[in-house]
Structure formats: structure tokens, C-alpha cells
Amino acid sequence: MNDHSFLQDFHHVATIGATFNNGVDRQAATANDAATRTWFAQWIQDAGFELRVDGIGNMFGLTEWTPGAPYVLIGSHLDSQPLAGRFDGAYGVVAAMHAAQEISRRIKGTEQAPKFNLAVVNWFNEEGSRFAPSLMGSSVFAGLFDQDETLAIVDPDNISVQQALSEIGFLGTDPRPIPAAYAEIHIEQGRILEREGVDIGLVEHSWYTQKLDIEVLGEQSHTGATAMADRHDALVAASKIVLMVHDVTKDYDEEALVSSIGRLSVEPNSPIVVARRVHLVADLRSGDPAIVRSAREKLLRDIEALAREHDIQIRVNDFDVRQIRHYPESGLELSAKTAANLGFSTRRLATMAGHDSVAMNSMVPTVMLFIPSVDGVSHCERELSTDEDMVKGLHMLTEVAQQLVHGKLTEGNDQASFPSPERAAVGPSPS
């Protein structure tokens with residue numbers, strides 16, 4: 001494999017939407033995202049693969065050896081959080097590109113076609129920063145979200161997903177490839193692999209996730225002329241909710257529950273106006289669903305009492321609830337054997353973060369792999385994985401994907417138990 005070419009491509013992608021502090025800012029369906037997509041599309045065409053863009057903006061680079069056979073999908077996402085790191089998502093896409101090229105080269109040198117074809121994928125809006133919820137493109141693909149409802153979701157400027165994708169030229173109409181299996185490699189975004197000196201993480205399950213869409217409704221008034229006793233300040237109440245969401249973790253064992261308010265918008269957001277409305281999104285995650293449900297119930301009780309105390313209205317809706325999903329044992333065993341053959345150390349672990357593989361794991365046999373993150377830092381400009389670890393991950397993904405196209409992960413699997421990518425589904429809750 002040409003490791004140097006892979007690293008060149010990865011570090012080139014990091015220049016698109018680059019920030020001052022060596023990060024990237026490529027939120028979904030923005031100009032920077034469009035530039036990265038254009039680069040990816042050109043690479044697909046130069047590689048001799050078939051480019052497809054579906055109705056939610058997912059991009060596929062397909063190579064076919066066995067006419068009519070389903071596809072093994074490998075990839076991740078090229079969009080980012082605002083002021084984000086350059087590794088999250090993009091590493092998985094670029095690694096998949098080069099793995100696909102190497103596998104194609106190997107297969108062309110043999111006379112026997114594999115059981116499945118291969119496709120590199122860039123999923124739309126994995127991050128969910130501009131348009132909520134996250135995992136949008138892969139969830140539509142897997143039938144977890146309804147496409148029409150998802151296209152109608154709007155960003156804070158009231159621009160819909162459909163409008164934004166149309167404006168950047170990536171609202172496609174191409175048919176989706178029928179998947180046989182999926183594999184993704186990603187940075188860990190935690191410190192376990194680095195601390196233990198392990199090369200590759202084998203993800204065995206995802207955490208339970210529960211988000212709450214919270215709307216605090218007070219009354220707009222003058223910050224100077226309104227008596228304190230007459231104010232119904234939505235921001236004061238919202239600030240207490242921020243602390244509630246943070247402090248609820250203290251009711252459980254250390255690190256058993258993580259929580260945060262990641263988004264807060266204030267209306268009318270004027271320095272001389274008491275806030276009339278605040279919108280917040282709370283994020284609760286745990287490896288134990290019962291802990292998340294318990295924390296949710298406590299927050300609902302405390303928020304109800306807060307509304308009475310401040311004589312304001314607070315609306316709370318469940319949003320983007322994700323069950324724990326276990327990755328196939330056969331995939332974990334396959335990955336462990338592959339790593340051993342490559343001389344790489346491995347460790348099983350859970351993913352606390354969401355990934356496109358979580359959505360795909362509801363549909364087809366899925367493998368999720370991690371490489372170490374320096375200091376465990378992610379979703380910020382300081383995010384870092386070493387070139388050496390990235391190359392190890394590239395080789396790992398290549399060998400796993402090679403076995404997947406030959407049907408190793410689907411042997412003995414009842415494919416009828418997985419839903420069709422076109423099945424009807426309930427769409428995401430409004431943000």
C-alpha cells in the first residue's frame with residue numbers, strides 16, 4: 001500500500017475549511033463541506049469508481065466486480081463540528097478511499113470475483129451541529145429516519161436540509177447501493193487506547209443516548225425599567241437548567257452518566273432586554289439505560305418545579321433517543337484475528353459517542369474500529385492522532401474490508417432479519 005499517498009490525501013483534506021489553530025470548520029451543507037465533497041467526488045472519478053449521491057446527500061464511490069451483488073460499505077463522514085478537529089470522520093473516509101483502491105488492485109490481479117462489491121461512503125451530517133439530530137444521512141439510509149421529514153428539518157437560520165443540499169449541488173437522486181455489510185474506522189475520542197498502549201480498539205457496543213429538547217418561555221421586558229419582582233426571565237431559569245443537567249451526574253457512580261447542554265439560543269438576545277425565550281438541548285448518555293431514564297425523570301420533576309417557582313412555561317420533549325446496539329460477535333472475532341495477523345494489539349471497548357456505524361449496525365453486520373487519540377481530546381482544534389496510528393488503522397481497515405467482500409462476516413447470518421434501506425420509519429423529533 002502507498003501509505004505516503006494516504007497521508008498526503010488526509011493532510012490535504014485538513015486544509016479545506018482549516019481554522020487558525022489547525023482544526024477545521026466544515027458544518028453540513030456549508031461552502032466548506034461542499035468543497036470537501038467536490039474533492040471527494042473528483043477522487044472517486046479519478047479512481048475509476050462510480051459516483052452516486054442519494055436523496056439525503058450521502059455520497060458513494062462504487063466499484064463492481066460481481067454484477068448484481070450487494071455492496072460492502074466502508075467510510076465515515078467529512079462534515080465537522082464548528083471549530084473542530086481535523087481527524088473526526090475525515091480520517092475514516094480517507095482511509096476507506098485508500099483501502100478500496102488497494103482491495104480493487106488486489107482483486108483485479110486475480111481471476112476470481114468476490115462475493116460482494118465495494119463502496120466508499122461519505123455520510124451526510126453525521127455531526128448534527130447545523131442540522132439536528134446527528135447521524136442524519138446514515139439514519140435515513142438505514143430506514144431509522146424518514147427522508148422527507150429529515151429534508152424538512154431547518155437550521156437556526158430557518159434553512160432546510162433540502163434547501164441547503166440543493167444550494168451546494170449535492171441533493172442527489174441516485175439509487176442507493178444495497179448493503180451487505182459495513183465497516184468504519186475512527187479516532188477513539190477517548191484515552192483508553194493511548195493509556196494502555198493498544199493499537200486498535202474493537203467496538204463491541206454503543207452507549208444509550210437520550211436528548212431533551214427544552215424550551216423556556218418567559219416574558220420580554222426592559223432590563224432597566226422592569227422591577228425585579230415583575231420579571232419572568234427565561235434566561236435565569238435556563239441557567240438553572242444548565243446546572244441541573246450537569247449536577248444530575250452526581251447522583252450516580254463516577255462516569256456512569258455523562259451529560260451536557262451543548263446548544264443554547266436566547267431571544268431576543270439584546271443587552272437591554274430580559275430574555276423571553278431560551279432553547280436548550282440536553283444530552284444524557286450511559287452504558288446503562290436505566291440510569292439515563294432515572295436521570296431524565298429527575299430532570300423533568302426538577303424542571304417542572306422550576307417553572308412554578310419562576311412563573312414561566314417550560315416545554316420538554318424527548319429527542320434523538322438511541323438504544324444500546326451490540327456489534328456482531330463474528331465481526332469482533334474477525335477483527336481480532338486480522339489484527340493479530342498484522343501484529344497489532346487490540347482491546348474491546350464501548351463507544352460513548354455516536355457514529356454512522358451505530359445506524360448501520362441496525363441494518364447489516366457492522367464492524368467498528370478505533371485508533372488512539374492523543375490525550376483523548378476530540379471535537380476541538382487540539383484533536384490529534386499520529387500518522388503512525390493512522391497508517392496502522394488504514395492497514396487494519398483494508399484487511400477487514402478485504403475479508404468482508406469475500407463474505408466472511410455474512411456467513412451464516414440471516415440477512416432477512418435486517419430491514420431494507422427503503423423501509424418506512426418514524427422521522428426525528430424536531431429540535
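Run the simple label-point estimate for GLN8 and GLN323 please: 7 Å along Cα→C-beta, distance reported in nm.
4.7 nm
Among the helices of the chain (complete DSSP H runs), which have Cα atoms covering no less than 18 Å along the helix axis and a Kyte-Doolittle mean of at least 0.5? Numbers along the way, then the final one.
On the way: long enough: 31-46 (22 Å, -0.67); 90-108 (27 Å, 0.14); 234-247 (20 Å, 1.47); 289-310 (31 Å, -0.44); 329-342 (20 Å, -0.02); 387-405 (27 Å, 0.02).
Helix filter hits for the chain: 234-247.
Which whole-number percent gives the relative contact order of the chain, counting Cα pairs below 8 Å spaced six or more residues apart? Intermediate results must be reported in sequence, preceding the final value.
Numbers: 961 pairs, mean separation 102.9, N = 431.
For the chain, the relative contact order is 24 percent.
If I model a spin label as a point 7 Å beyond the Cα along the Cα-Cβ vector, how far apart are those points for GLU297 and LEU264 in nm?
Result: 2.8 nm between the two label points.
In whole Å, what is the distance between the alpha-carbon centres of segment 51-99 and segment 222-282?
If you average the Cα positions of each part, the centres end up 38 Å apart.
Counting other C-beta atoms within 10 Å, and keeping those with at most 15, which DSSP coil GluC sites (Glu not before Pro) do you find in segment 81-152?
Details: sites: GLU102, GLU111, GLU126, GLU127, GLU149; in loops: GLU111, GLU126, GLU127.
Hits after loop and neighbour filter: GLU111.
Using only protein heavy atoms and a 1.4 Å probe, report how much of MET1 is accessible, in Å² to the nearest 10.
Number for this one is 80 Å².
For the chain, what is the charge dipole size about the Cα centre, in debye to the nearest 20, if Lys and Arg each add +1 at the Cβ and Asp and Glu each add -1 at the Cβ? Before the final figure, lay out each step's value.
Values: 35 positive and 60 negative charges, 60 e Å.
Using Cβ point charges on Lys, Arg, Asp and Glu, the chain gives about 280 debye.
According to the Cα gyration tensor, what semi-axes, each the square root of 5 times an eigenvalue, does the equivalent ellipsoid of the chain have, listed from largest to smallest in whole Å?
Equivalent-ellipsoid dimensions as semi-axes: 40, 23, 20 Å.
Identify the trypsin sites (Lys or Arg not before Pro) of segment 181-266 meeting these criteria: DSSP loop state and at most 10 other C-beta atoms within 10 Å of the C-beta.
On the way: sites: ARG191, ARG195, LYS211, ARG231, LYS240, LYS250, ARG263; in loops: ARG191, ARG231.
Filter output for segment 181-266: empty list.
So what does log10 I(q)/I(0) come out to for segment 218-318 at q = 0.11, 0.18, 0.21 Å⁻¹, using the Debye formula with one equal point on every Cα and no solvent?
Taken in order of the listed q values, log10 I(q)/I(0) reads -0.37, -0.83, -1.03.
Calculate the FRET efficiency for ILE178 and GLU304 from the Cβ-Cβ distance with a Förster distance of 51 Å, rounded to the nearest 0.05.
Working: r = 48 Å, r/R0 = 0.93.
After rounding, the FRET efficiency stands at 0.60.
Out of the total accessible area of segment 181-302 (probe 1.4 Å, heavy atoms of protein only), what percent is carbon and sulfur? Don't skip to the answer; put the middle values down first.
On the way: 2780 of 5630 Å².
Ligands and nucleic acids excluded, carbon and sulfur give 49 percent.
At what distance in nm do the modelled label points of SER166 and ARG191 sit from each other, each positioned 7 Å from its Cα along Cα→Cβ?
4.8 nm
Going toward the positive end of the dipole of segment 218-340, with +1 on Lys and Arg Cβ and -1 on Asp and Glu Cβ, which of LEU334, ALA305, MET244 do you reach last?
LEU334
Got a number for the accessible area of LYS115? Probe 1.4 Å, square angstrom, nearest 10.
Counting only protein heavy atoms, LYS115 exposes about 110 Å² to solvent.
What does the charge dipole of segment 1-137 about its Cα centre add up to, to the nearest 20 debye, if the Cβ of each Lys and Arg holds +1 and the Cβ of each Asp and Glu holds -1?
Numbers: 9 positive and 14 negative charges, 25 e Å.
Computed charge dipole of segment 1-137: roughly 120 debye.
Roughly speaking, what is the stretch gain from GLU219 to GLU50, that is 0.36 nm per residue apart minus the C-alpha to C-alpha distance, in nm to one decimal? Before the final figure, lay out the partial values.
Values: separation 169, 0.36 × 169 = 60.84 nm, distance 5.56 nm.
Working it through step by step, the gained length comes to 55.3 nm.
Have a look at ILE44, SER362, ALA290 and report the one farthest towards the positive end of the charge dipole of the chain, computed about the Cα centre with Cβ charges (Lys/Arg +1, Asp/Glu -1).
Result: SER362, furthest along the dipole toward the positive end.
Using amide H atoms built 1.01 Å from N in the peptide plane, name the residues 5+ places from SER129, or on other chains, whose amide H lies under 5 Å from its own.
Residues meeting the criterion, in which the H sits 1.01 Å from N, are ALA28.
Could you give the accessible area per residue of the chain, probe 1.4 Å, as a whole number in Å²? Can you show the working numbers first?
On the way: 17810 Å² over 431 residues.
That works out to 41 Å² for each residue.
Using a 1.4 angstrom probe on the protein heavy atoms only, could you order SER239, SER129 from most to least accessible area?
Working: SER239 60, SER129 15 Å².
From most accessible down to least: SER239, SER129.
The values are calculated or read from the model by the stated rules, or taken from the named source; none is laboratory data. It should be emphasised that the depicted structure is a prediction, and the values quoted were computed from it without experimental measurement. Methodologically, a virtual Cβ is constructed for each residue, glycine included, from the backbone with ideal geometry; neighbour enumeration extends over all protein chains shown. Remember, those area values only see protein heavy atoms, side chains included, never the ligands or the DNA or RNA. Shrake-Rupley method; radii C 1.70, N 1.55, O 1.52, S 1.80 Å.
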